[in-house]
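Contents: one structure, followed by commentary.
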Amino acid sequence: MTQLNKHFKALPQTLYRAWPFWLLILPALEGINSWLRESTQPLSGLTRLLAQLPLMISYLFLSVLTLTIYVWAHYHKGPLKDHFKKYIAQTFIETARALLRIVIGLLLFVLPGLYLITRYAFIGFVVQLDKNYDDGQVDALASSAKLMGHWALFLTPVMAAWSFGEFWLTDQASRVLGIPNIIGWSLASYVVVLSQIVLVMLLASFYDYRRSR
């Protein structure tokens, strides 16, 4: 709880430091994701499967971008461009490595994929905060799995429910609210970005807690 209190108290400053991303850039990217997902609905078969690839890459980039901005705003004091230059590409690569395993798990039995999502939830923090990773002494996937430990089993249902809630929101918001798609997507995008910020904050708090053990 101590680590969570620290992150919660610092949240206003964290949001303020990167407000253009939270208010403009990330919601716009989330809106594009919603449009891409909606545009693939009429497709079927192999065409629809292939259409999921750019959507998957887009979601991967959005998640990496959200985490990178949060880590910079909360942990680092230097310019954002230097932080991006040093970390974002490597974070994307390591997350993509994990994604390959996650997709295989989801295609096979679903539950193993959901478990791996939780197991590898610390990858971005390892890349951007662990000096041992900078020195080439640890593997990001292995380090994330070790830090998460047995907690991955207990947190998998929570992560799955959180992700399902975000997908439901972006898919159903305009219909539930009874407003045009463009407005529904816009409102849903801001709520989803807020949800992602909260999720990253919770993961960062838990990462700090596990590192301190």
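The values are calculated or read from the model by the stated rules, or taken from the named source; none is laboratory data. Being a predicted model, the structure only gives us computed values, none of them experimental. Glycine also receives a Cβ, built like all others from the backbone with ideal geometry; neighbour counts cover every protein chain displayed.
Among the residues in segment 102-114, are any touching a residue at least 12 places away in the same chain (Cβ under 8 Å) and closer than 20 Å to A89 by Cα? Among the residues of segment 102-114, at least one is touching a residue at least 12 places away in the same chain (Cβ under 8 Å) and closer than 20 Å to A89 by Cα, which makes the answer yes.
Remark: F92 matches the filter, which requires a residue to be part of a helix (DSSP H, G or I), at pLDDT 90 or above and on the phi < 0 side of the Ramachandran plot. Scanning segment 130-160 for residues that are aromatic (F, W, Y) and farther than 17 Å from L114 by Cα yields one hit, Y133.
Of the residues screened, L129 is not one that is within 17 Å of I69 (Cα to Cα) and either of a type in the set (S, T, N, Q) or modelled with pLDDT under 90 (or both). Contact annotation: residue pairs with Cβ atoms under 7 Å, 6 or more positions apart or on different chains, pairing a residue in segment 157-179 that is closer than 18 Å to L111 by Cβ and of a type in the set (F, W, Y) with a partner that is at pLDDT 80 or above and part of a helix (DSSP H, G or I), are W162/L199. When you look at L106, is it in contact with a Pro (Cβ under 9 Å, 6 or more places away or on another chain), surrounded by fewer than 19 Cβ atoms within 10 Å (Cβ to Cβ) and modelled with pLDDT of 75 or more, yes or no? For L106, the condition - in contact with a Pro (Cβ under 9 Å, 6 or more places away or on another chain), surrounded by fewer than 19 Cβ atoms within 10 Å (Cβ to Cβ) and modelled with pLDDT of 75 or more - is met.
The lone criterion from (1) under 30 Å from G136 (Cβ atoms); (2) modelled with pLDDT under 90; (3) touching a Phe, Trp or Tyr at 6+ places or on another chain (Cβ under 9 Å) left unmet by L62 is number (3).
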